[in-house]
């Protein structure tokens, strides 16, 4: 669910401002960092595309591309220009590289930076360098685009601008880490209602009192309570959210009740996503990933 947060916000931006959108599928990153076979990395990228498309993006305004399939031409020319501007010492300082990292990992920052520049996509923007790029992303992507902002003026490009989402905690709390290899650390968009209910009830870190008496006396700790933090991301009703916060922090709402509120929200959201994803066929994915002109915008 955490991975969907930037895409949910990006969908809102596309609707609100009627703008074209470019989404990069970094299948090469999966290959370089996770040690996956090349074809498995490509397969997973298309599966990622299905989940992204299911968020409701407009195919007339959205271009999704995989690095393995698209890199070349103008895009690659921007990559090598970025690479020439960044020293190894700068890359090591930004990303913490050591002598144990492979050279593909060291060079990858330029691949992620290149989509920030409009002339990487001549079928969309021609040769224009004047169009600014807004990047909604999770905060862990910040180093890539700090480097990009430093490099952009040297290449005659506009600096990209970022909107970064807040930290999204694992179910076990802020000290934990969400991981695809640990099914109990996160809620997955493929989970069933029963799986969601079980995970929230048994795994979601609670800020409630150690006993019922202590909870009623001191209330829940909103600073550490994971159900409360997740509701801040996913519950659209601000008035209801504020009420839950008041009731839980005062001790009038119990831990099981706030977890029940989160379960209801997640079951509805995941169910809606699963229904939308079923409609994303191979033909739909191909349509989003086809290189085509966007005449309605430019």
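The values are calculated or read from the model by the stated rules, or taken from the named source; none is laboratory data. Everything numeric here is computed off the predicted structure, so don't read it as measured data. Reconstructed Cβ throughout: ideal geometry from the backbone, glycine too, with neighbour counts over all protein chains shown.
The table below gives the values:
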read-out: Residue among 7, 68 that alone is modelled with pLDDT of 95 or more and either within 28 Å of residue 283 (Cβ to Cβ) or under 23 Å from the mean Cα position of the chain (by Cα) (or both); value: 68
read-out: Of all residues making up region 133-183, the number that are assigned to a loop (DSSP other than H, G, I, E, B), out of contact with any helix residue (DSSP H, G or I) (no Cβ under 8 Å at 6 or more places or on another chain) and modelled with pLDDT of 95 or more; value: 1
read-out: Residues of region 33-56 classified as more than 20 Å from residue 133 (Cβ to Cβ) and not in a helix (DSSP H, G or I), total; value: 5
read-out: Qualifying positions in region 184-221 - more than 25 Å from residue 245 (Cβ to Cβ), free of Cβ contacts under 8 Å to residues at least 12 places away in the same chain and assigned to a loop (DSSP other than H, G, I, E, B); value: 192
read-out: Scope region 10-31; condition more than 29 Å from residue 107 (Cα to Cα) and within 15 Å of the chain's Cα centre (by Cα); matching residues; value: 11, 12, 13
read-out: When residues of region 93-121 are limited to those that are surrounded by fewer than 15 Cβ atoms within 10 Å (Cβ to Cβ) and in contact (Cβ under 8 Å) with a residue 12 or more places away in the chain, the one nearest to residue 24 (Cα to Cα); value: 104
read-out: Any chance residue 63 is crowded, with 17+ Cβ neighbours inside 10 Å, within 30 Å of residue 269 (Cα to Cα), touching a strand residue (DSSP E or B) at 6+ places or on another chain (Cβ under 6 Å) and at pLDDT 95 or above; value: yes
read-out: Tally, over region 236-251, of residues that are crowded, with 17+ Cβ neighbours inside 10 Å and in a loop (DSSP other than H, G, I, E, B); value: 1
read-out: Hits in region 1-32 - residues which are assigned to a helix (DSSP H, G or I) and either farther than 29 Å from residue 196 by Cα or without any contact (Cβ under 8 Å) to a residue 40 or more places away in the chain (or both); value: 12, 14, 15, 16, 17, 28, 29, 30, 31, 32
read-out: Test: residue in region 263-272 that is surrounded by 14 or more Cβ atoms within 10 Å (Cβ to Cβ) and closer than 23 Å to residue 25 by Cα; value: yes
read-out: Output for region 222-235, where each listed residue is touching a helix residue (DSSP H, G or I) at 6+ places or on another chain (Cβ under 8 Å) and either assigned to a helix (DSSP H, G or I) or within 16 Å of residue 5 (Cβ to Cβ) (or both); value: 227, 228, 230, 231, 232, 233, 234, 235
